[in-house]
1. Looking at A:Thr56, A:Thr68, A:Thr24, which one is of a type in the set (Ser, Thr, Tyr), more than 26 Å from B:Leu60 (Cα to Cα), more than 10 Å from every other protein chain (Cβ to nearest Cβ) and within 14 Å of the chain's Cα centre (by Cα)?
2. How about the stretch B:81-111: which of its residues are of a type in the set (Gly, Ala, Ser) and either within 14 Å of chain A (Cβ to nearest Cβ) or crowded, with 17+ Cβ neighbours inside 10 Å (or both)?
3. Out of (1) at pLDDT below 95; (2) within 7 Å of chain B (Cβ to nearest Cβ), the odd one out for A:Gly109 is which?
4. Can you tell me which of A:Gly59, A:Gly53, A:Gly85, A:Gly66 is on the phi < 0 side of the Ramachandran plot and not hydrophobic (A, V, I, L, M, F, W, C)?
5. Residues in the stretch A:74-97: is at least one in a strand (DSSP E or B), away from chain B (no Cβ under 14 Å) and surrounded by fewer than 20 Cβ atoms within 10 Å (Cβ to Cβ)?
6. Residues of the stretch A:1-54 being surrounded by 14 or more Cβ atoms within 10 Å (Cβ to Cβ), free of Cβ contacts under 8 Å to residues at least 24 places away in the same chain and among the aliphatic types (A, V, I, L, M), which ones?
7. Across the stretch A:7-30, what is the total count of residues that are among the aromatic types (Phe, Trp, Tyr) and part of a loop (DSSP other than H, G, I, E, B)?
Amino acid sequence: GQQLNQSPQSMFIQEGEDVSMNCTSSSIFNTWLWYKQDPGEGPVLLIALYKAGELTSNGRLTAQFGTTRKDSFLNISASIPSDVGIYFCAPSPDGGYGGSQGNLIFGKGTKLSVKP
Amino acid sequence: EADIYQTPRYLVIGTGKKITLECSQTMGHDKMYWYQQDPGMELHLIHYSYGVNSTEKGDLSSESTVSRIRTEHFPLTLESARPSHTSQYLCASMGLAKTQYFGPGTRLLVL
């Protein structure tokens, strides 16, 4: 099956620091999604990427779709306590619109803890 | 953006009981999903549906069953709950552009 590696598994950072996490795979994907999950809640979509090389921002979050289509990066600038949670990458072999019936594949998550 | 609801949010039951976890969405999405997730761990796809009367098993084997009689409703049933079923169950539906929207989850504890 498709292997998806998300790193780091966890990180502790000081408030105000920038954060970087990434997902890599041996397979090619046509969609990369990034989710955040707060404790006891369902994941919430942060950013969606549909094109190799695409760089998209959502407030303090920036994500990039790798040019090889096998990886993606998520950066958080100037972290704050409410950034605490688990971040998941979720690629799909299908493009954004149309395509076959491929499902999302979820990474193991990056657990972010912020020291106030 | 999808509105997707799950009930109950929390459930504590005894071994051997039959339970149904409810999931409903109001956006008319054809594709719906059930995931099982242990606390702080990855999501495992256990069931999905691409429309009414369509259900498929996911990547993780599960003793649960699902039905899809109406577009907006995708309930999950455990005929005889066991302690090994203790977990969080997340329902999702897929809108345009492959974006899945998740419900708040049901946390199940089987004693």
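The values are calculated or read from the model by the stated rules, or taken from the named source; none is laboratory data. Keep in mind that what you see is a predicted model, and the values were worked out from it rather than measured. A quick note on method: Cβ atoms are made from the backbone with ideal geometry, for glycine too, and the neighbour counts reach across all protein chains shown.
1. Within the list A:Thr56, A:Thr68, A:Thr24, the selection yields A:Thr56.
2. Applying the first criterion (of a type in the set (Gly, Ala, Ser)) to the stretch B:81-111 yields B:81, B:84, B:87, B:92-93, B:95, B:97, B:103, B:105.
Matches in the stretch B:81-111: B:Ala81, B:Ser87, B:Ala92, B:Ser93, B:Gly95, B:Ala97, B:Gly103, B:Gly105.
3. Answer for A:Gly109: the failing condition is (1).
4. Answer to the check: A:Gly66.
5. Our first condition is that a residue be in a strand (DSSP E or B); within the stretch A:74-97, this holds for A:74-76, A:85-92.
Filter once more, keeping what is away from chain B (no Cβ under 14 Å): A:74-76.
If we keep only those that are surrounded by fewer than 20 Cβ atoms within 10 Å (Cβ to Cβ) too, we end up with A:75.
Among the residues of the stretch A:74-97, at least one is in a strand (DSSP E or B), away from chain B (no Cβ under 14 Å) and surrounded by fewer than 20 Cβ atoms within 10 Å (Cβ to Cβ), which makes the answer yes.
6. Passing the criteria: A:Leu45, A:Leu49, A:Ala52.
7. Qualifying residue count for the region: 1.
Matching residues to (1) of a type in the set (Gly, Ala, Ser); (2) closer than 23 Å to A:Thr31 by Cβ:
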site	(1), (2)
B:Trp34	no, yes
B:Asp38	no, no
B:Ile46	no, yes
B:Ser49	yes, yes
B:Met94	no, yes
B:Pro104	no, no
